[in-house]
There are 2 protein chains.
Amino acid sequence: MDKLFKALKDPSRRQILEMLKSGDLTAGEIASAFDMQKPSISHHLDLLRQADLVSSQKKGQYVYYSINTSVLDDLITWIMDLQQQPES
Amino acid sequence: MDKLFKALKDPSRRQILEMLKSGDLTAGEIASAFDMQKPSISHHLDLLRQADLVSSQKKGQYVYYSINTSVLDDLITWIMDLQQQPES
DNA sequence: GAGATATTTAGGCAAATATCTAAATACTCA
DNA sequence: TGAGTATTTAGATATTTGCCTAAATATCTC
């Protein structure tokens, strides 16, 4: 849960997730959408992977990244639990 | 949205929200639950307020904090939007 | 194998963050 | 008004984070 919130805190990482929502992308394709060097994006992708928000698969010289939405279920549960009214 | 994710990233701040779920608490009551000095908690509360996750109300010499869950609706919307499958 | 492309690793730096102590502010009550 | 309590503000410090460049690794193609 800690790694999840940590991963989601950064706006670039959130943007990556939004990009991956439409389909898998290579590290290079992701990087080209940002005004940032490739190693920086690689680092962001690593943090997203650590949070299990993305998975990666090597295909030849490319590395394809996919979004993994299952961890978000826990997040929604946590948030909705906060929203429960206390019994009055 | 940025301040929201920023506020939620810190585990102490998340714990504060969980405490407030059961009812309003004073700054001092919140601080006493942590192994941390009061000014640090005050700072965390300030960040939570900036994210509109809590509101505060002064009553005499005490400041009562309340959780404000309405901002979490936007967060849930954002998360669920990520979970939508792309049209295949 | 050599050169080209894709990606990650390593190391460094500056800005942001989390914490602390000390001091300031605000309120209560005698 | 003055002492005591509650909270915040200010300023300092250590850690974390996000970015960079350079180098390493892996793969493709000739």
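The values are calculated or read from the model by the stated rules, or taken from the named source; none is laboratory data. Fair warning: this is a prediction, and the values are worked out from it, not measured in the lab. Positions of Cβ are generated from backbone atoms using ideal geometry, with glycine treated the same way; all protein chains shown enter the neighbour counts.
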Could you please find all residues in the range A:33-59 being among the small types (Gly, Ala, Ser) and surrounded by 13 or more Cβ atoms within 10 Å (Cβ to Cβ)? A:Ala33, A:Ser42, A:Ala51, A:Ser55, A:Ser56
When you check B:Leu53 against the structure, is it among the aliphatic types (A, V, I, L, M), within 28 Å of A:Gln15 (Cα to Cα) and away from every other protein chain (no Cβ under 14 Å), yes or no? no
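Assess whether A:Leu20 counts as being under 23 Å from B:Pro11 (Cβ atoms), within 9 Å of the chain's Cα centre (by Cα) and modelled with pLDDT of 95 or more.
On the way: under 23 Å from B:Pro11 (Cβ atoms): no; within 9 Å of the chain's Cα centre (by Cα): yes; modelled with pLDDT of 95 or more: yes.
Here the answer is no, as A:Leu20 does not meet what is asked.
Quick check, is B:Arg13 within 17 Å of A:Trp78 (Cβ to Cβ), surrounded by 13 or more Cβ atoms within 10 Å (Cβ to Cβ), under 10 Å from the mean Cα position of the chain (by Cα) and of a type outside the set (S, T, N, Q)?
Numbers: within 17 Å of A:Trp78 (Cβ to Cβ): yes; surrounded by 13 or more Cβ atoms within 10 Å (Cβ to Cβ): yes; under 10 Å from the mean Cα position of the chain (by Cα): yes; of a type outside the set (S, T, N, Q): yes.
In short, yes.
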Going through A:Asp46, A:Asp35, A:Asp81 one at a time, which residue ends up being away from DNA strand D (no atom under 16 Å from the Cβ), of a type in the set (D, E, K, R) and either modelled with pLDDT of 95 or more or part of a helix (DSSP H, G or I) (or both)? A:Asp81
Assess whether A:Leu4 counts as being closer than 14 Å to B:Ile79 by Cα, outside any strand (DSSP E or B), within 16 Å of DNA strand C (Cβ to nearest atom) and among the aliphatic types (A, V, I, L, M). yes
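Pull up the range B:37-51, narrow it to residues that are free of Cβ contacts under 8 Å to residues at least 40 places away in the same chain and in contact with a helix residue (DSSP H, G or I) (Cβ under 7 Å, 6 or more places away or on another chain), then point me to the one that is farthest from B:Lys21 (Cα to Cα).
Residues of the range B:37-51 that are free of Cβ contacts under 8 Å to residues at least 40 places away in the same chain, as a first pass: B:37-46, B:49.
Next, from what is left, pick out any that are in contact with a helix residue (DSSP H, G or I) (Cβ under 7 Å, 6 or more places away or on another chain): B:38, B:41-42, B:44-45.
Values: B:Lys38: 21, B:Ile41: 17, B:Ser42: 18, B:His44: 16, B:Leu45: 15 Å.
Once the filter is applied, the top-ranked residue is B:Lys38.
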Residue pairs qualifying under the 8 Å Cβ cut-off, at least six apart or on distinct chains, with the first in the range A:57-84 being among the polar types (S, T, N, Q) and the second being within 16 Å of DNA strand C (Cβ to nearest atom) and in a helix (DSSP H, G or I), are A:Ser66/A:Leu20
Which numbered condition trips up B:Ser12, out of (1) near DNA strand D (Cβ under 10 Å from one of its atoms); (2) of a type in the set (S, T, N, Q); (3) within 14 Å of another protein chain (Cβ to nearest Cβ)? (1)
Just for the range B:19-31: of the residues that are without any contact (Cβ under 8 Å) to a residue 12 or more places away in the chain and surrounded by 13 or more Cβ atoms within 10 Å (Cβ to Cβ), which one is farthest from the other protein chains (Cβ to nearest Cβ)? B:Ala31
Here is a list of conditions, (1) under 19 Å from B:Glu18 (Cβ atoms); (2) more than 16 Å from DNA strand D (Cβ to nearest atom), and A:Lys6 meets all of them except one; can you say which number that is? (2)
Note: among A:Leu25, A:Leu20, A:Leu48, just one is away from DNA strand C (no atom under 11 Å from the Cβ) and of a type in the set (A, V, I, L, M), namely A:Leu20
